[in-house]
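Q: Dumping the structure here so I can ask a few things about it.
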Amino acid sequence: MKKIYKRLIKLFESRILIGVLSGIGIIVVIILIFSAGVSVGFHKASFGRAWGENYGRNFGMKPGGPHFLGRDNFPNAHGAAGKIIKKETPIIIVQDKDGTEKIILTNDQTKIQKMQKNIGVSDLKIDDFIVTIGSPNNKGQIEAKFIRLMPFPDFLNGN
């Protein structure tokens, strides 16, 4: 029994075993990073597909082509930054910085702030500039978790 114990101790102290275990660990980390990238890409592509399929339903017209999509061919799925162009609570339509219209859905859990002060959805008005963070749904809309009312940026005024 002592002989087997000594061989096991020798095996666990060997550089070869440490190298093999380190290599396996590195491969596992690489696979996890790759899987995370695939998951994020799939989520972004799914939102882009849902947004395109529901464009006519959401905006009452059909998209005119790929220029409606962002620079990497997919709109930002988790938020919007732009001017409010229509408001019918709980829906807010924002013209995003890339010219696309985004439907923002609000609910009782949506936190809305102007500077450090909490405000309600009723305090938002047409032409207000907002930054929204949320989650995409399967209809190409953004379910808002947080909205911040901001001063309108001068660079968007053409100044």
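The values are calculated or read from the model by the stated rules, or taken from the named source; none is laboratory data. Predicted model, so just to flag it, every value in this text is computed and none were measured. Because the Cβ atoms are built from the backbone with ideal geometry, glycine has one as well, and the counts that use them run over all protein chains shown.
Q: With the condition being under 23 Å from the mean Cα position of the chain (by Cα), at pLDDT 90 or above and within 14 Å of Gly79 (Cβ to Cβ), I'd like the strands (runs of 3 or more DSSP E) fully within segment 112-159 carrying at least 3 qualifying residues.
A: By residue number, 129-136, 142-150.
Q: Hey, any hits in segment 105-121 for a residue that's in contact with a Ser or Thr (Cβ under 8 Å, 6 or more places away or on another chain) and surrounded by fewer than 15 Cβ atoms within 10 Å (Cβ to Cβ)?
A: No: segment 105-121 contains no residue that is in contact with a Ser or Thr (Cβ under 8 Å, 6 or more places away or on another chain) and surrounded by fewer than 15 Cβ atoms within 10 Å (Cβ to Cβ).
Q: Restricted to segment 7-50, and to residues that are more than 20 Å from the chain's Cα centre (by Cα) and charged (D, E, K, R), which residue is surrounded by the fewest Cβ atoms within 10 Å (Cβ to Cβ)?
A: That would be Arg15.
Q: Next question, about the same structure. What's the number of the condition Phe68 fails, among (1) surrounded by 13 or more Cβ atoms within 10 Å (Cβ to Cβ); (2) of a type outside the set (Ser, Thr, Tyr); (3) at pLDDT 65 or above?
A: Just one mismatch for Phe68, condition (3).
Q: Test Phe47 against the criterion of being outside any loop (DSSP other than H, G, I, E, B), at pLDDT 85 or above and of a type outside the set (A, V, I, L, M), and give yes or no.
A: no
Q: Pairs needed: first member in segment 101-112, within 12 Å of Trp51 (Cα to Cα); second member anywhere, outside any strand (DSSP E or B) and not aliphatic (A, V, I, L, M); C-beta distance under 6 Å; at least 6 residues apart or different chains.
A: Taking only residues 6 or more apart or on different chains, the pairs are Glu101/Phe59; Ile103/Asn58; Ile103/Gln141.
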